[in-house]
Amino acid sequence: MIGEHEVQILAELSRLSLTEAETGALQRDLDSILNYISQLDEVAAETPVHQDLNLVKNVLREDVEPHPAGLYTDRLLEAAPATENEMVAVKKILDNPSA
């Protein structure tokens, strides 16, 4: 059985502010959950819980170039608001003194 002190610790770790009624209700709910889990532990399973049923297959495409390199470069650079040395120019947002 989970105690009131443990519920208060869980509430504090969860940053919850609980009334006495909420603490009692949570204590009963957690007890119910833990009792259910302990009942599941007692169930004798005839088959292993973790079976490899080979249900998941990884389907991959052939590793080929979908289009020639540079095919869209000019169109992308034309659409960019600013370019510099055939690259998209962006505003500097990080200040790295070691660079």
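Things worth noting here:
- Condition met for T73 (surrounded by 10 or more Cβ atoms within 10 Å (Cβ to Cβ) and at pLDDT 90 or above): yes
- Residues satisfying the stated conditions in segment 3-45, i.e. without any contact (Cβ under 8 Å) to a residue 12 or more places away in the chain, part of a loop (DSSP other than H, G, I, E, B) and of a type outside the set (D, E, K, R): S14, L16, S17, L18, T19, V43, A44, A45
- Residues being small (G, A, S) and within 12 Å of G3 (Cβ to Cβ) - total across segment 20-36: 1
- Scan of segment 1-46 for residues that are loosely packed, with under 13 Cβ neighbours inside 10 Å and of a type in the set (G, A, S), ordered by number: G3, S14, S17, A21, S32, S38, A44, A45
The values are calculated or read from the model by the stated rules, or taken from the named source; none is laboratory data. Since we're looking at a predicted model, the values are computed, not measured. With ideal geometry, Cβ positions are generated from the backbone for all residues, glycine too; neighbour counts draw on all protein chains shown.
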